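One structure is given below, encoded as structure tokens.
Readers should treat all values here as calculations from the given coordinates under stated rules, not as data from a laboratory. Treat the numbers as computed from the prediction; the structure is a model and nothing was measured. Glycine also receives a Cβ, built like all others from the backbone with ideal geometry; neighbour counts cover every protein chain displayed.
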């Protein structure tokens, strides 16, 4: 009854063109420009540093003609996105387990960290950020459990970086000579003073800057960056604190793996590490002049001394049986994962 | 009569006061905050490469999603108002579904279908097609949330129009297409245009669904609303406000278009 | 996510049927394309959502929903939305009244501005509210990170619905009835209660339905000003987003389906009530 007349064909053609345009956009998005393009997927904090590192890399012979696409977000989310198909050549994440996920998904080779720096590109330490002038006179971990002190930390079940904070506090207690049981008691007291747990480190910082709480546990590099930006804060490096190590890896399955490796090498070179240091990140190689400004806490320890991330995650953050899980539940805080 | 006048004034003040507190003051505030340091910082924020790209990406996505929704919207409206088939109620429900779904849920549903581990994931990967974390996914997300408007605005007009003119055309020998193109479409065009304006406004401003499927790739998958959030999270309030004001201006433009068209479609002043 | 003005309720059930003249306007090709479009955009995604939500069976579904944080988010969402639509019902009608029956300079301008929350991206709405009612507020009102901020943001984004729903009906309303009642001695309050409001009821209810559906799904405007604090200011959509970020898709899907069902039930019920009332009034 319906004649397929000319105009109907026109519509069909127009629609096919639209679909084709979509298809082209889909396929073409990863290969644009004359030179090579590297996809950098990173956690949110180093966004400002890469703004300097990438142009610096592009002036080197290895970096000539290389352009970048950049994606920044919470470390765990970025890791999951890459597993789910987010295109990446280089990943710089907040903690090692987020890279391990990519190894499990077959995207990163299992020997990614068999190099001189064990796969890390920057270091930092866990610090306590306080209001400018330090009105509550906070000098270390023990001040955080004093009555009336409001502590902020991201929720360790949504924010991988929050786990550094918790383990810093726990490990510090052990360093001070406490037994594991007493250290756990400390954690309980600490969580009792936590006034809010945001889903990410970024959000926690926003909450703190908006006026809530007296102390925020965070990374040193974040504190340095925000101080430079003019936030009304200062930070305290406790005597005993954890060394935060941020991994970097090349996505082995990508076509640009060789180029990506050159970029990573640059980031680990003296030139690259100097830029990192200038922006508040502790270098992982020696001989960087700018590293002198970073004080070395007398009681610095690593996650290895606590058993490594695999064991720690199981012992502390396991959804049903973890130590921190139990503490949070007893306080009525979400451990939903 | 004075009591009446007093009451009238009181009601008016109440209504206007509410609007001032809720609408006027915040919007005014944003314009003030953005421009309080002059035009230059705003201009440089708006012309930053990522901001410019975000602007054009937003427009590009709208330029694909809205025409698709227009064509299919008219089709759906015709089916519902002129067609006869079982399941009309169901079709109406499907069209209205985007109203009842949170944009975040739209994003989730799309990932479940088009993501790498979704229903169509394997087929898409094998064929090298990237939907989620790329522009096509954002287009689809935008199209979903702005789906109902053209259909919804065209339906009442179609209904009011009635079939007399169309019947007449057919008895005079016009084909179905000719009838549609020369009789129906001109009669419903203001309804369609109004629907397009609403659809465009909704598509330009979409945030939740797109933020889930975008992958946060700077300069590639950031629309202007996503850019606003990015600037805010990086404590770049100038950048955030500048982009926000740009979006607000686009919104005001849409409002003006809506206002003018309302008078056309309704045939009388809307107030 | 908003209604165009003048739509009679959100669910297109029971529209008057028009005698068909053959399969007008959409041949087999057209219907096929339309089917593909709707499937790709709506049907397939919703099916995937339902499938994911039910993937662990009903027990898993209940577990996800009764998770304490999820419950808190759902409760906050429903409670805040209910309060907000109530306020909207009152003030929306009030504003519509003033825009239709009153005259004052700048009325056209105000009328245009009513649609601003619809046209403005939700994230911008959040930025806008934060500037005035958050930290650094020039008027000293700081509701950021409080439940009040949830209500504030929802009031902003749902403003146009009741207004735009009531306005056309008010315009059409024959004032003869009101005048007759007044001449018979009825006071303004009585006229309002027994003549005007019953006529407006279907439109108000329709606007309320759309407001509610919009409010329970709202996301962008809440991201900045509420602080998204679990158990305090975290709403359903924020919880869903968080679960997606955590790759806990079954949990996200479960809460999504719950909110969707609530929206559909409320929309359906209110649409039903609205239609019944409009039949009574005529």
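Of note:
- Normalising the average separation of contacting C-alpha pairs (under 8 angstrom, six or more residues apart) by the number of residues puts the relative contact order of chain A at 22 percent.
- Taking other C-beta atoms within 10 Å as the exposure proxy, B:131, C:225, C:87 rank C:87, B:131, C:225 from fewest upward.
- For chain A, a Gaussian network of Cα nodes joined below 10 Å ranks A:232, A:204, A:290 by mean-square fluctuation, and the top entry is A:232.
- Cα pair count fraction exceeding 16 Å, expressed as % - the range B:75-146: 58 percent
- Selected from B:165, B:45, B:63 as most flexible by GNM, with chain B as the system and alpha-carbon contacts under 10 Å: B:165
- Neighbour-count ranking [beta-carbon atoms within 10 angstrom, fewest first] of A:268, B:108: A:268, B:108
- As a rough guide to protection, the peptides C:41-54, A:60-73 ranked by mean Cβ packing within 10 Å, highest first, stand as C:41-54, A:60-73.
- Of all beta bridges that DSSP places with both ends in the protein assembly as shown, some 55 percent have antiparallel geometry.
- Inter-label distance, nm, simple model (7 Å from Cα along the C-beta direction), residue C:101/residue B:178: 5.3 nm
- In terms of surrounding Cβ atoms within a 10 Å radius of their Cβ, B:43, A:164, A:309 rank from fewest to most as B:43, A:309, A:164.
- Set the Cα radius of gyration of the range B:144-271 against 2.2 N^0.38 Å, with N its number of residues, and you get 1.45.
- More than 18 angstrom apart: percent of Cα pairs within the range A:194-295: 60 percent
- Cα convex hull of the range B:1-121 - mean projected area over all directions, nm²: 15.8 nm²
- More than 12 angstrom apart: percent of Cα pairs within the range B:46-88: 68 percent
- Remark: relative contact order (the range B:38-266) = 32 percent; criterion is Cα-Cα distance under 8 angstrom and separation of 6 or more residues.
- Computed over chain C, the per-residue total of -39500 (n - 2.57) for DSSP H runs of n ≥ 4 gives a 222 nm mean residue ellipticity of -21500 deg cm²/dmol, rounded to 500.
- Whether the range B:38-266 is rounded, prolate or oblate, judged on the alpha carbon gyration tensor where a/c under 1.5 counts as rounded: oblate
- Debye log10 I(q)/I(0) at q = 0.06, 0.08, 0.09 Å⁻¹ for the protein assembly as shown, Cα point scatterers: -0.44, -0.76, -0.94
- Per-residue mean of foreign Cβ neighbours for C:81-94 is 1 (Cβ atoms of other chains, 10 Å radius).
- Expressed in Å, the radius of gyration and Dmax of the Cα atoms of the range C:65-149 are 16.8, 53.
- Springs join every pair of Cα atoms under 10 Å in this Gaussian network model of chain A, and among A:190, A:144, A:86 the largest mean-square fluctuation is at A:86.
- Quotient of Cα Rg and 2.2 N^0.38 Å for the range C:178-282, N being how many residues it contains: 1.59
- Counts of other chain beta carbons within 10 angstrom of each beta carbon in peptide B:143-153 average 4.
- When both bridge partners sit in chain A, DSSP labels roughly 50% of those beta bridges antiparallel.
- Summarised in one figure, the compactness ratio Rg/Rh of chain C, Cα atoms and Kirkwood Rh, is 1.03.
- Computed from the C-beta positions of residue A:188 and residue A:64, the FRET efficiency with R₀ = 45 Å rounds to 0.20.
- Averaged over C:232-245, number of beta-carbon atoms from partner chains that fall within 10 Å: 5
- Modelled this way, with points 7 Å down the Cα-to-C-beta line, the labels at residue B:36 and residue A:228 are 2.7 nm from one another.
- Within chain A, helix-based [θ] at 222 nm, where runs of 4 or more DSSP H residues each add -39,500 (n - 2.57), nearest 500: -13000 deg cm²/dmol
- A simple spin-label model places pseudo-atoms 7 Å from Cα toward Cβ; at residue B:86 and residue A:105 they are separated by 4.5 nm.
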